[in-house]
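The values are calculated or read from the model by the stated rules, or taken from the named source; none is laboratory data. Just so it is clear, the model here is predicted, and its values are computed rather than measured. Cβ: placed from backbone, ideal geometry, glycine included. Neighbour counts: every protein chain shown. Heavy atoms of the whole protein, side chains included, go into the accessibility calculation; ligands, DNA and RNA do not. Shrake-Rupley method; radii C 1.70, N 1.55, O 1.52, S 1.80 Å.
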Amino acid sequence: MSLNATLNNAVSGLAMAQRSLTTVSNNIANVSTTGYTKKTTTQYAAVTGGIGMGVTAGELKRSIDALLQREQRTTTADLAKSTVVNDTYARLQLSALGSSSNNLTDLLSSFQTAVDALANSPTNSAARASLVATGNAVASAIGSTADLIQTLRGDADKQIGDQVAEINDQLTQLQGINLQLGRGVPAAELLDTRDSLLDSLSSKLDISISEQADGQVHVNTSNGTTLLDDKARVVAYTPASTVTTETTFGAIAVYAQGQIDSITGEPLASTRGVELVSSGLRANAASASDSIDSSIDSGSLAGLLEVRDSLLPKLNDELSTLSTSIVQSLNAAHNASTSVPLPASLTGSRQDTSSFAAASKSGTFKLAVLDASDGLVASATLILSSYASMTDLVADVNSQLGGAATAAIGADGALSLSTASSANGLAYVEGDSQITTTAADGSSSTQGLAQYLGLNDLFTSSASQPTRFKIRDDIAADPALLGNATTSVGGLPETWSTGGAGDASGIQALAAAFTTARSFAATGTVPAATTSFMTYAGNIAANLATKTSDAQSAVDTKQDLSDALAAQQSTVSGVSIDEELSRLITYQQAYTAAARLIQVSSDLFDKLFSAAS
């Protein structure tokens, strides 16, 4: 072997050792860098004509387990979804449905206690005030929780918008990396950056990744919608400005770059994208056209959609069912009672009586004008099946009372009654009167006439938002208007009696409503039951507690699996200081030996030149 060959071998060995030392030093420098994978410098023996000619450096090689990487991404996506759901349940536990000191079940118990106290002492003004206060506390707690539900939905919707923006940014970065890889830019560090972007992208939604020979990737959603090939697509979504139960959310759709307005960044009006999530009110809405359908099954985006469109709406349904039961149960009892002294006027809370005409009507309702001693001034017997409309009923009332009192339908649609003399009062007996109405969703409701009209409601509520209810304003201002007594009528000629100020039968009926079993259809995640609204409220809270515990358990389990996979990946891809120091010594010795060989070759060349001269 010539001295030239020796020298060339030594120089290639020195260069190889230097390159390897650079790789080791870079590994050590990035020991704590997220997403960095351990690198090694590949090398090959250089052979020319069957003779070894030193060493040739290959490309940097990343230490990666592709199968483990895919499994880790799947687990991370599941964990991200579960974490979003768990965080939502944790926030709900701070509401009146959670374990706070002002939780709903405790507030209902306090309300029931106040009603029982008034039943034992119907003339006690402090007991009346307590009933009003605790009743409004229940209403306020339910209303606040309903507000929180919509706030959480709004928060989720904004986060969906933020995540869509992040997805677009990451797709754009991946497009740039693809271009660099296609131009032959050294791949190792780019692939680390690429994989970190893919890790983040897959934590948001379920994707499939196809890697090309040069390291470029094509990305599709799990249902085959292209997000990235030679160009990145644009995912479009505009969050709602405000969120209520009636908010229609826009679709999440994928567009080609040419379909996006370069100025506004919004899809061009004439274009149509591929929907990942449809527009609508919520998942599984009553109307198919209002129902949101999603093809995103995992990742934090799937969790946010589940929270916004399913989890929270279902909880709101449960609260609405509870609210309706409380209001209807207690209003039915209160409408069958009267305050003492008798009121000179009554105004119904129902402002739309159009359903009366088509309703199934039966039974008899009795109405009377009484003087201060319960003496009968005038009376009316209303046979409900004989009236085709509310106008017919009003006309018959006025005819039978003969001017002692007047019935009218006001401009707001509510029926009102008022005595001709302020010295007289109005009394009524629901009797067996029944009005059965059918709602647009097919559900039916049967009420007595007074309850249907809301002549003496305890609570007023919003028809479109059942969770918005409160103690009737005039009762809240003057608890003496609470209906403590009940009216009775009998005999011929008729004798009417209101029981007097000490009569607690009306409040006793109110107290009984707390424990009276009602039929509850399956709502949200609470199964069907025949029980009291008190127990139903407890079922909602208990079900939420179970869901919260299950959500935390799911996160814990998936976090453990994710940690285990990360640990396995770390053994493959992570930098070990001990290993790198060992390599450092090896390459340092190789470098020293190569340098020494160069020095020896130089000395031999000097001697050769000296001998030749």
Problem set entry | Contact order relative to length of the chain, as percent, for alpha carbon pairs under 8 angstrom and 6 or more apart | 20
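Can you give the local net charge around LEU60? Use residues other than it whose beta-carbon is closer than 13 angstrom to its beta-carbon, Lys and Arg +1, Asp and Glu -1.
Details: positive: ARG19, LYS38, LYS39, LYS61, ARG62; negative: GLU59, GLU189, ASP192.
Result for the local shell: +2.
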Problem set entry | Centroid-to-centroid separation of segment 362-377 and segment 186-222 [C-alpha atoms, Å] | 81
For this session: Rank by packing, highest mean first: peptides 605-612, 310-317, 539-546, with packing defined as the count of other Cβ atoms within 10 Å averaged across residues.
Result: 310-317, 539-546, 605-612
Exercise. Per the 1.4 Å probe, what fraction of the accessible area of the chain, in percent, lies on carbon and sulfur atoms?
Worked result: 52
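So for ILE260, ILE64, what's the accessible-area order with a 1.4 Å probe, most first?
Correct descending sequence by accessible area is ILE64, ILE260.
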For this session: Provide Rg and Dmax in Å for segment 330-482, with only Cα atoms included in the calculation.
Result: 15.1, 47
Exercise. Rounded to the nearest 500 deg cm²/dmol, what is the calculated helix-only ellipticity per residue at 222 nm for the chain, with -39500 (n - 2.57) per DSSP H run of length n ≥ 4?
Worked result: -16000 deg cm²/dmol
Problem set entry | Accessible surface ranking that places the most exposed of THR56, THR571 first, with a 1.4 angstrom probe | THR571, THR56
Seminar exercise, completed: Result row for the chain, helices from DSSP H with C-alpha axial extent 20 Å or more and mean Kyte hydropathy at least -1.0, is 3-29, 66-92, 104-120, 125-182, 188-202, 312-335, 533-573, 577-612
Seminar exercise, completed: Exposed GluC sites (Glu not before Pro) being those in a DSSP loop with at most 15 other Cβ atoms within 10 Å, the longest stretch of the chain free of them is 247-493
Exercise. How big is segment 41-200 by the Kirkwood estimate over distinct Cα pairs, in Å?
Worked result: 22.4
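Could you tally the net charge around LYS38, taking each other residue with its Cβ under 14 Å from the Cβ of LYS38, Lys/Arg +1 and Asp/Glu -1?
-3
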Seminar exercise, completed: Over all Cα pairs of segment 18-61, the Kirkwood radius sets Rh, and Rg/Rh then becomes 1.17
Problem set entry | Per-selection metrics, segment 288-368 (Cα): Rg and Dmax in Å | 21.9, 66
Exercise. What percentage of all Cα-Cα pairs in segment 339-425 are separated by more than 20 Å?
Worked result: 35
Problem set entry | Mean accessible surface per residue for the chain, computed with a 1.4 Å probe while every protein chain stays in place, in Å² | 46
For this session: Please compute the net charge surrounding GLY413, taking Lys and Arg as +1 and Asp and Glu as -1 over other residues with Cβ under 11 Å from its Cβ.
Result: -1
Problem set entry | Rounded to the nearest 20 debye, dipole of the chain from Cβ charges on Lys, Arg, Asp, Glu | 1100
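Of LYS61/LYS81; LYS158/LYS558; LYS38/LYS204; LYS158/LYS470, which sit over 29 Å apart, Cα to Cα?
The pairs that break the limit, which is 29 Å between Cα atoms, are LYS61/LYS81; LYS158/LYS470.
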